[in-house]
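Here is the structure we will look at, set down as structure tokens.
Just so you know, all these numbers are worked out from the coordinates, no wet-lab data involved. Just so it is clear, the structure is predicted and the values come from calculations on it, not from any experiment. Here the Cβ positions follow ideal geometry from the backbone for every residue, glycine too, while neighbour counts run over all protein chains shown.
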Amino acid sequence: MSAPSLAKTADRPLRTHDGDDEPLLVVDNLSTTFASDQGPIRAVEDVTLRLQRGRTLGIVGESGSGKSVLSRSIMGLVPAYATRTGSIRYEGTELLDAGPRELRKIWGAQMAMVFQDPMTALNPVQKIGAQITESIREHLDYSKTQRRDTAIALLRSVGIPEPERRLKQYPHELSGGMRQRVVIAIALACGPHLLFADEPTTALDVTVQAQILDLIEAQQAERNMAVILVTHDLGVVATRADEIAVMYGGRIVEQAPTQVLFRQMRHPYTEALLRSIPRLDLPSHTRLEAISGRPPDLLHPPQGCRFAARCPYAQPKCHAEEPELVDDGTGHLFRCWYPVGIASEQTTIDSVVTNAHVRQVGDEIATDDVVADDAATAPGPAVDGRPPAAPASADATLAEEDS
Amino acid sequence: MPVDAPPAAVEAQAAVGATGGPADPEGSSAKRGLGAVGWVAASWLIFVILVAFLAPVLESTEIIKDPVSADAEAGPGAPLFTEGHILGTDKSRRDVLSRLVWGARSSLIVGVGAVAVGMLVGGALGLISGFRRGRADTALSSLFDILLAFPQLVLALSLVAFLKPPPPEVATDGDVVEAAGGLTAIQILIIAIGIVAIPLLARITRATSLTWSQREFVLAGRAQGARGLRLMIREVLPNVLPAMFSVALLSIGIAIIAEGGLSVLGVGVEPPQASWGNMIAENRSVNRDPLNALFVPMVVVFFTVMALNYLGDAVRERFDVRESSL
């Protein structure tokens, strides 16, 4: 239904597509600082982002890179001892100036969040139905039966069988994948325009991961919703995001439309992230590539480039001066004095797609509104915004596994 | 304390707790059911509550005697199984059984009432403190600490003295029982012991709600636009209630003993109205056989408090579910 539109826009870089109309979300020079006993911790520094309706932004980075703090900072879900500077405009409204009352109207209704661990994101002592209808009650003027009907429709749309029965169940009666579907249903309850998915699959079985990501994608297409997908796994965003921002030490170190990024990554950290994904085409017992060292101490950030201490290409200049985020003229931003230039063509993204375990054949959901019976859906054409630069061999791989 | 839970109960609960992993058998049997001792404890408490509730009926149907009038025929301090006084009489020739039944009533009212006051105020303050954290928590926690710094019996004693209406001697008539508009002795005790219990109950509620408030589903609720009060009541409180209930059971036992302590100091339930505490207090100076007027209420208090403690523990273990199985 709305799948073609998604496929159509997939090859256009987000930035040039903007034109004059104001994007759904505009983040300018956002910094988030936590006050601590040892001094201020700058968890997010100087982040600038644009996001259009219906598009997906992937935020990638390892633990402690500030990716989760960034998404929570944009939403405003930071503790009182955190200070945010810069500007976050959502549909023209400045969120940093918004009071708690305005924010409560936006939360849930306009923007919502899918949390990482469905085991902890649901209240163990409340029935599923009550947890879904809670935000509907908060934001929409629905009668009790309307709320119940909406909840049933939501559960059905996220692929939960027997929704009427589920409403009366408690979270512990559901499996992990089902619970994450419930969490998504709760987030979607009031039809948000912007969905934050904070590592939505990290706590799930590999086989369920692809289903959940496909579900988010299908709902996104159906609702023309913008998604910010936060993950540590380049493989997850490779096929799902229109644009990718790589974070390191609280800063964006590289940002580009997905296919541009994979075609020519410029930052050594992105390269290292990609190398650290296990590959199927290497012989067994090959040592996994790891990025040696640890993320920088944000309490005492290093003087030069934050990645310099772990960077294989680091030069004296890297330890002395911090590079700016520069645009190479095509909308590809990176923060490096000596950018790498692996022109690895199509092989890079293919290996990510086939190796990252996210694409389980048979779990493919055709990106239309028939999600309820996703398990039974035959592996249809993958309409998922995969960059057209690369699809040939990836599809071939899938086709082979099918037969 | 080795308790074998009925196998049927274990099986019935096995499906729910299946993810719990290998636990020690004693812990899991206590978790899945009440166990034999638990049932004895529960039955005893139900019996005590029933008897206390039915005290007026029992008296009007003459199953028990009048608790306050002395029986001239029976001597003071009649032994157990005296005819007409199955548990004997006390030093004022009053029937021990009847006083025990009526005493159960006042002791339970004081115990439950005081814990209800403490729970309502302390629980609410603890919940706010644990949920809001920050300045509210600092202020409330210091308040609890200050209250806890007072010796509890001394605090209760001064509260009773403070709340007590002016002594009845002020009135010229001899038969003044309570001052007009004043609180009855039992109400005073409930408030005094309740206030003493507030910081204890508040601290436990605070600790529990502190951990639950940091759970992700509370943040998720906030991200869906729920306001603080709603999160506190709908998301945090239901998770805190089992712990509060368990502590409440333990506290009722402590409150019953506290009333006894106050009786010994002469400010408990006012004689001639009976309470377990003042029965012990009144008869403690009896230093010749038989001692049944002293020991019978002691044994009853002992078993009741022990039953409350045991059930409180059982409730705690029953709800002490591992995070992973949620």
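Computed values, structure above
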| item | result |
| --- | --- |
| R0 of 45 Å, Cβ-Cβ distance A:E324-A:V206: FRET efficiency to nearest 0.05 | 0.70 |
| Cβ crowding within 10 Å averaged over residues, with B:77-83, A:215-221, A:308-314, A:264-270 ranked highest first | A:264-270, A:215-221, A:308-314, B:77-83 |
| Protection proxy ranking, peptides A:238-249, B:198-209, average beta carbon neighbours within 10 Å, highest first | A:238-249, B:198-209 |
| Per-selection metrics, segment A:3-248 (Cα): Rg and Dmax in Å | 17.9, 53 |
| Beta bridge orientation in segment A:3-248: antiparallel %, DSSP, nearest 5 | 45 percent |
| Share, in percent, of DSSP beta bridges within segment A:171-291 that are antiparallel, nearest 5 | 55 percent |
| Computed magnitude of the charge dipole of segment A:165-217 (debye, nearest 20; Cβ of K, R +1, Cβ of D, E -1) | 380 debye |
| Per-residue average of Cβ from other chains inside 10 Å of A:177-188 | 1 |
| Point-to-point label distance, B:L54-B:A124, nm (Cα→Cβ direction, 7 Å offset) | 3.7 nm |
| Shielding by other protein chains, A:112-118, mean Cβ within 10 Å | 3 |
| Cβ neighbours within 10 Å from other chains - mean over A:123-134 | 5 |
| Cα-centre dipole for segment A:264-351 with unit charges at Cβ (Lys and Arg positive, Asp and Glu negative), debye to 20 | 360 debye |
| Euclidean distance of C-alpha centroids, segment A:69-130 and segment A:276-315, integer Å | 32 Å |
| Peptides ranked, highest mean first, by Cβ atoms within 10 Å: ranges B:297-303, A:252-258 | A:252-258, B:297-303 |
| Among A:Y90, A:I152, A:I184 - extreme Cα towards positive end, dipole of segment A:3-248, charges at beta-carbon | A:I152 |
| Net charge dipole size for segment A:3-248 [Lys, Arg +1 and Asp, Glu -1 on Cβ; Debye, nearest 20] | 820 debye |
